[in-house]
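Notes follow the structure.
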Amino acid sequence: MKYLLVFVVVIVGLTLLKKSHQHREIPGARKPPKPAPPEHMYACSHCGVHAPQSRCVWKGDNPYCCSEHARLG
Ligand SMILES: [Zn+2]
């Protein structure tokens, strides 16, 4: 009978421990923002340096890494 009580206490303890690990997330806490999807990289038509699409300077169909290189062509 003594061992049954110890067994029950251990089972209850393990169950409580497991539950406390499952609820680590704070309710109402903001989740970190998802990372932005990868951008297409373009090689500069002047120097060949790769730049992300959002930072490219376009002159016609040619991408450039900066306005200076776009001016130089
Ligand atoms: Zn360039």
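Here Y42, Y64 are placed in order of increasing Cβ neighbour count within 10 Å, fewest first, which gives Y42, Y64. Across the chain, the mean sequence separation of Cα contacts (distance under 8 Å, 6 or more residues apart), normalised by length, yields a relative contact order of 19 percent.
Taking only the C-alpha atoms of the chain, the Rg (one decimal) and the largest Cα-Cα distance, Dmax (whole number), read 29.6, 90 Å. In degrees between 0 and 90, to the nearest 10, how far off the longest principal axis of the chain does helix 2-22 point, with axes built from Cα atoms? Helix 2-22 sits at roughly 20 degrees to that axis. Taking trypsin sites (Lys or Arg not before Pro) in DSSP loop conformation with at most 15 other Cβ atoms inside 10 Å as exposed sites, the chain has its longest uninterrupted site-free stretch at 31-73.
Values in this text are rule-based calculations from the coordinates and carry no lab data. Just so it is clear, the model here is predicted, and its values are computed rather than measured. Positions of Cβ are generated from backbone atoms using ideal geometry, with glycine treated the same way; all protein chains shown enter the neighbour counts.
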